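Below is one structure, written out as structure tokens, with a few remarks after it.
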Amino acid sequence: NVFLKAVDIHKSYTQGTGELEILRGISMEIKEGEALAILGSSGAGKSTLLHIMGTLDRPDRGELFCEGRNILAMDDEELSRFRNSEMGFVFQFHHLLSEFSAVENVMIPCRVAGESTKAAQEKAMHLLNFMGLAERANHYPSQLSGGELQRVAIARALVRHPKVLFADEPTGNLDSHTSLKIQDLFFRLKEEMKLALVIVTHDLTFATRFPKVYRMKDGQWA
Ligand code: ADP
Ligand code: ADP
């Protein structure tokens with residue numbers, strides 16, 4: 001079953017005096033519960049594609065369907081509600097809020113969605129526990145290691161049980177030992193939560209662990 005389908009996506013950015021075409025009519029499908037990696041050199045357009053698949057950015061041209069529904073027809077408010085319920089995001093840097101503890105950071109998406117503090121806290125603790133971070137729950141970001149920070153960021157991305165997790169270079173800022181632990185965690189979470197997992201990386205050892213690897217070059221599949 002196809003969950004998300006992008007068709008003939010075009011995207012350009014103004015650079016200096018000209019327009020640079022970053023995505024040149026690229027299409028892709030994400031099936032329910034599948035795991036895929038997108039590989040490609042810097043500047044190939046991987047992040048741009050991920051942002052468009054994740055509805056964080058709109059294409060200049062092309063269509064995006066979720067379970068058959070044309071989601072780019074939604075206005076920004078509707079689209080953001082849709083995104084918050086169906087999608088999770090992890091980036092190279094954790095982007096946690098420094099004035100909140102780990103568990104409070106993880107609770108944020110639930111609170112934004114109107115869940116009670118108690119419900120949000122239960123869900124957040126359940127996930128932190130699964131990730132081996134229960135005893136770090138009340139620590140602040142400045143008290144956590146790089147691997148712990150990224151795990152908290154992953155918990156925050158998953159706390160509302162999205163159908164797909166998008167991760168853009170999620171191990172790019174970690175040493176190789178910590179990177180391996182985070183890679184394992186992604187695959188454990190994918191199984192546990194029946195997620196689709198879409199990872200952008202230039203780390204070959206991470207990419208080759210995926211059943212499907214797409215290579216991108218100059219805004220097209222290579
Ligand atoms: P990748 O993730 O493969 O490294 P990106 O999608 O990040 O590639 O970027 C592709 C190209 O698009 C780069 O040359 C980058 O400078 C350009 N780009 C990305 N975002 C913007 C933006 N908001 N404004 C202008 N240029 C951008
Ligand atoms: P991980 O493998 O999960 O990244 P580490 O082995 O790097 O964890 O760190 C072990 C412990 O040391 C962590 O639980 C963390 O609390 C503590 N620690 C590591 N780095 C820092 C840091 N920069 N500041 C505060 N505590 C740290």
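Key figures for this structure:
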read-out: Odd one out for G146 among (1) more than 16 Å from the chain's Cα centre (by Cα); (2) open to solvent by less than 30 Å² (accessible area, probe 1.4 Å); value: (2)
read-out: Contacts under 7 angstrom Cβ, first residue in region 50-62 being free of Cβ contacts under 8 Å to residues at least 40 places away in the same chain, partner of a type in the set (D, E, K, R), 6 or more apart; value: H51/D57; T55/R83
read-out: Selection from region 23-67 of residues that are more than 10 Å from ligand 1 (Cβ to nearest atom), in a loop (DSSP other than H, G, I, E, B) and over 19 Å from L165 (Cα atoms); value: P59, D60
read-out: Some residue of region 79-86 being outside any loop (DSSP other than H, G, I, E, B) and within 16 Å of ligand 1 (Cβ to nearest atom); value: no
read-out: Test: S101 is more than 12 Å from ligand 2 (Cβ to nearest atom) and either more than 22 Å from the chain's Cα centre (by Cα) or small (G, A, S) (or both); value: yes
read-out: Members of region 71-124 found to be of a type in the set (F, W, Y) and surrounded by 17 or more Cβ atoms within 10 Å (Cβ to Cβ), listed by number; value: F89, F91
read-out: Test result for T117, hydroxyl-bearing (S, T, Y) and at pLDDT below 95; value: no
read-out: Members of region 163-188 found to be open to solvent by less than 10 Å² (accessible area, probe 1.4 Å) and closer than 20 Å to L4 by Cβ, listed by number; value: V164, L165, F166, A167, P170, F186
read-out: Count - residues of region 188-211 that are modelled with pLDDT under 95 and acidic (D, E); value: 1
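The values are calculated or read from the model by the stated rules, or taken from the named source; none is laboratory data. Everything numeric in this text was worked out from a predicted model, so none of it was measured. Here Cβ is always computed from backbone atoms with ideal geometry, including for glycine, and neighbour counts include all displayed protein chains. Side chains included, ligands, DNA and RNA excluded: accessible areas come from the protein's heavy atoms. Shrake-Rupley method; radii C 1.70, N 1.55, O 1.52, S 1.80 Å.
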